[in-house]
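First comes the structure, then the notes that go with it.
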Amino acid sequence: MSFSVTVKEAGAVTVVTAEGRITIGGGSDALNKAMNGRLGEGQTRFLLALGGVSYMDSAGLGVITGMLASCMNRGGELKLVTPSLKVRALLEVTNLWPTFEVHASEQEGVASFGG
């Protein structure tokens, strides 16, 4: 399965939707480019939808944890919405699951950022 990433704005929140495999040299590069591009434009509020991710390796994990750190360093936030079971399992086995605020829907996630 190939990788795709879409980015849209929902008010002051950037919603990034990833689908497919996030792997080294593949989806991880595209995801990193999409998110860091918006971060470079000054956006610091991200909602990352991972429900369509079928597999993520350590490179993908590095992208999302690095992005979390970058957002936090700028006073922002990165939250997750509907991670797939495989992504959740990876976050749990690496003890990163409690690090992320996770929401059940895009609407709930966007609302969690407040005004």
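Where in region 1-60 are there strands (runs of 3 or more DSSP E), lying wholly inside it, with at least 2 residues that are under 19 Å from Leu85 (Cα atoms) and hydrophobic (A, V, I, L, M, F, W, C)?
Details: elements: 4-10, 13-22, 45-56.
Qualifying strands (runs of 3 or more DSSP E): 13-22, 45-56.
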| task | Kindly provide the set of residues from region 72-85 that are under 18 Å from Asn36 (Cβ atoms) and under 11 Å from the mean Cα position of the chain (by Cα), ordered by number. | result | Glu77, Leu78, Lys79, Leu80
| request: Sort out which residues of region 25-47 are crowded, with 20+ Cβ neighbours inside 10 Å and under 15 Å from Glu9 (Cα atoms), and write them in order of number. | output: Met35, Arg45, Phe46, Leu47
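Conditions tested, residue by residue: (1) part of a strand (DSSP E or B); (2) in contact with a helix residue (DSSP H, G or I) (Cβ under 8 Å, 6 or more places away or on another chain); (3) among the aliphatic types (A, V, I, L, M); (4) touching a residue at least 40 places away in the same chain (Cβ under 8 Å).
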| site | (1), (2), (3), (4) |
| --- | --- |
| Gly62 | no, yes, no, no |
| Pro83 | no, yes, no, no |
| Gln107 | no, no, no, no |
| Val110 | no, no, yes, yes |
| query | If Ala89 passes every condition in (1) at pLDDT 95 or above; (2) under 19 Å from Val110 (Cα atoms) but one, which one does it miss? | reply | (2)
| note | (1) of a type outside the set (Ser, Thr, Tyr); (2) touching a Ser or Thr at 6+ places or on another chain (Cβ under 8 Å); (3) farther than 20 Å from Glu108 by Cβ all hold for Ala18 apart from (3)
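Could you tell me whether region 53-66 includes any residue that is touching a Pro at 6+ places or on another chain (Cβ under 8 Å), among the β-branched types (Val, Ile, Thr) and within 12 Å of Ile22 (Cβ to Cβ)?
Here is the first cut: in region 53-66, the residues touching a Pro at 6+ places or on another chain (Cβ under 8 Å) are 53.
Okay, now just the ones that are also among the β-branched types (Val, Ile, Thr), so 53.
Within this subset, residues satisfying the condition of being within 12 Å of Ile22 (Cβ to Cβ) are 53.
Among the residues of region 53-66, at least one is touching a Pro at 6+ places or on another chain (Cβ under 8 Å), among the β-branched types (Val, Ile, Thr) and within 12 Å of Ile22 (Cβ to Cβ), which makes the answer yes.
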| said: Against the condition without any contact (Cβ under 8 Å) to a residue 40 or more places away in the chain, among the small types (Gly, Ala, Ser), touching a strand residue (DSSP E or B) at 6+ places or on another chain (Cβ under 7 Å) and in a helix (DSSP H, G or I), how does Ser70 come out, does it pass? | reply: no
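The values are calculated or read from the model by the stated rules, or taken from the named source; none is laboratory data. If you're wondering where the values come from, they're calculated on a predicted model, not measured in any experiment. Don't worry about glycine lacking a Cβ; one is built from the backbone with ideal geometry, like all the others, and counts go over all protein chains shown.
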